[in-house]
Amino acid sequence: MRVCCVRTAYLCLSASITCLIYFVTLPCFADILAGTAFESGVRRIDEATGETLLGSVAPGSAGLFLTSGVTVGPDGNIYVSSRGTGEVLFYDGDTGFPLPSPHAGERPGLFAALGGNSAPGPLRFGPDGNLYVSDFGGVNVRKFDRTTGVEMAPAATAFVGPPAGLAFDANGDMYFGDFGSASVIKISGGVPSLFIPPQSCGLQTASSLLFLPGGDLLVVDLFGNKILRFDQNGQNPSQFAVIPPAIPDPLPPGANFPSNNPSDIAIDSNGDLVVAVLGLTNPPDNRGAILRYDFSGGPPEVLLDMQAQFGSIARINASSFLFGDYDRNGFVQPADHDKWKADFGKTVTIGDGADGNGDGIVDAADYVVWRNAPAGGAGAGAVAAVPEPTASLLTLIAAVFAFWRRSPAARQV
């Protein structure tokens, strides 16, 4: 196991906040970001347990409407396609709060406005550091400067149908799924070519692409309910996985037999494949899932199965942000409650001061964030009595591991 995170762990022993401070070396972990299409948010999910974590992007945050793509930038922040508004929005990679827009006078969270009849979908950062966005409405792949959000010349135009999944190979060439022809197109040196012919191995819709370390390409077939595998030349197709149908329990009245509709894939910190599943296509009846496959074969593990439509997925480093630490001293203490009282009623820059939920207003909701601070912070429940030394050590260990939300033996990086 690769150990790379050094954290300050502490145990508060009394209401007056006398603390024992330890420096603990912990393993690095990653979380999963799962875009919920009709919920219009991004859930941050514990990759070991499926638990929804702090640091998610709240539904509707910064105007997010119809989440259709999510990726993590070179800066570690979260970039999201808002299909319903024709925009790309971005959020802090630790907190999930909207970031200041690079465009003067624009609202927080706006990275790029595509305009017109655009419908941004899957998005990825290229090897040049810039952001590439599949535009279902404009039928092209658009490119935006990573720092300024300013649009550059299109990366790909003039093909049969809307572009879908995006990927880059080790040489920096770009690939995307063409919905109109059920094929995969390669762009090398600005020149397009057919990489995977139409309907290879029964391919219907290439909604997501992922290159594996050895060079093979995985292609998610949204309507075919399967994941296909091709070699680095787009040849020798095989079926990597069939996505099993998940039947809601009970089946909603009038609902059709569900088709899972796998939408996007990513690799977790253990090297396994995680799959976002849309579920039923009728929004009120949707029941989606996050599935995990290892590469030795066998049935998937159901990481999460719920009344949500997971249309996109990405891996992100585990957050190191301590929610409820309003004075930013690395501890959650009654002093942070004092900070909340002093700031109460103020409008602040998102995430500043005692704005614990990132809405720019310090109110009762931010008290709740402090009160429910993650294990490892004292919060409103500061320990009132000094435990015996052995009990103190055991409590410290429990708090540290609860804070990291993982079993170290379960995951490797």
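The values are calculated or read from the model by the stated rules, or taken from the named source; none is laboratory data. Worth saying up front: this structure is predicted, and the values here are computed from it rather than measured. Cβ sites come from the backbone with ideal geometry, for glycine too, and all protein chains shown count toward neighbours.
When segment 299-331 is filtered for residues that are crowded, with 19+ Cβ neighbours inside 10 Å and farther than 29 Å from D268 by Cβ, the ones remaining, listed by number, are Y326, F331. Checking every residue in segment 310-318 against the condition of being modelled with pLDDT under 90 and over 18 Å from P98 (Cβ atoms) gives zero matches. For segment 49-81, the set of residues classified as of a type in the set (S, T, N, Q), closer than 17 Å to E106 by Cβ and either free of Cβ contacts under 8 Å to residues at least 40 places away in the same chain or in a loop (DSSP other than H, G, I, E, B) (or both) consists of N77 only. If the condition is being touching a strand residue (DSSP E or B) at 6+ places or on another chain (Cβ under 7 Å), assigned to a loop (DSSP other than H, G, I, E, B) and closer than 24 Å to S101 by Cβ, then segment 323-354 contributes only I350. When segment 353-375 is limited to residues that are surrounded by fewer than 18 Cβ atoms within 10 Å (Cβ to Cβ) and under 17 Å from A58 (Cβ atoms), the one that is modelled with the lowest pLDDT turns out to be N372.
Selection of segment 180-192 for residues being under 18 Å from I227 (Cα atoms) and either in a strand (DSSP E or B) or under 24 Å from the mean Cα position of the chain (by Cα) (or both) yields S183, V184, I185.
More than 15 Å from the chain's Cα centre (by Cα) and modelled with pLDDT of 95 or more: does that describe G96? Talk me through it step by step, then tell me what you get.
Details: more than 15 Å from the chain's Cα centre (by Cα): no; modelled with pLDDT of 95 or more: yes.
Taking the combined requirement at face value, the residue does not satisfy it.
Restricting segment 332-345 to residues that are free of Cβ contacts under 8 Å to residues at least 24 places away in the same chain and not hydrophobic (A, V, I, L, M, F, W, C) leaves a set whose member that is surrounded by the most Cβ atoms within 10 Å (Cβ to Cβ) is K339. Screening A153 with (1) at pLDDT 95 or above; (2) under 20 Å from P192 (Cα atoms); (3) not in a strand (DSSP E or B) gives one miss only, at (1). Among all positions in segment 92-108, there is no residue which is outside any loop (DSSP other than H, G, I, E, B) and surrounded by fewer than 24 Cβ atoms within 10 Å (Cβ to Cβ). Take the conditions (1) touching a Phe, Trp or Tyr at 6+ places or on another chain (Cβ under 7 Å); (2) at pLDDT 90 or above; (3) outside the structural domain of N260 (by TED's automatic domain parsing); D343 misses just one of them, which is (1).
Within segment 82-91, being part of a loop (DSSP other than H, G, I, E, B) and under 16 Å from S312 (Cα atoms) holds for R83, G84. Restricting attention to segment 122-150, the residues being β-branched (V, I, T) and part of a loop (DSSP other than H, G, I, E, B) number 4. Beta carbons closer than 8 Å, at least 6 apart along the sequence or on distinct chains, pair a first residue in segment 346-375 that is closer than 18 Å to P334 by Cα and of a type outside the set (A, V, I, L, M) with a second that is assigned to a strand (DSSP E or B) and modelled with pLDDT of 90 or more for D355/I361. Checked against (1) within 25 Å of I45 (Cβ to Cβ); (2) at pLDDT 90 or above; (3) not aromatic (F, W, Y), V242 passes all but a single condition, namely (2). In segment 104-116 there is no residue matching the filter, namely being modelled with pLDDT of 95 or more and within 12 Å of the chain's Cα centre (by Cα).
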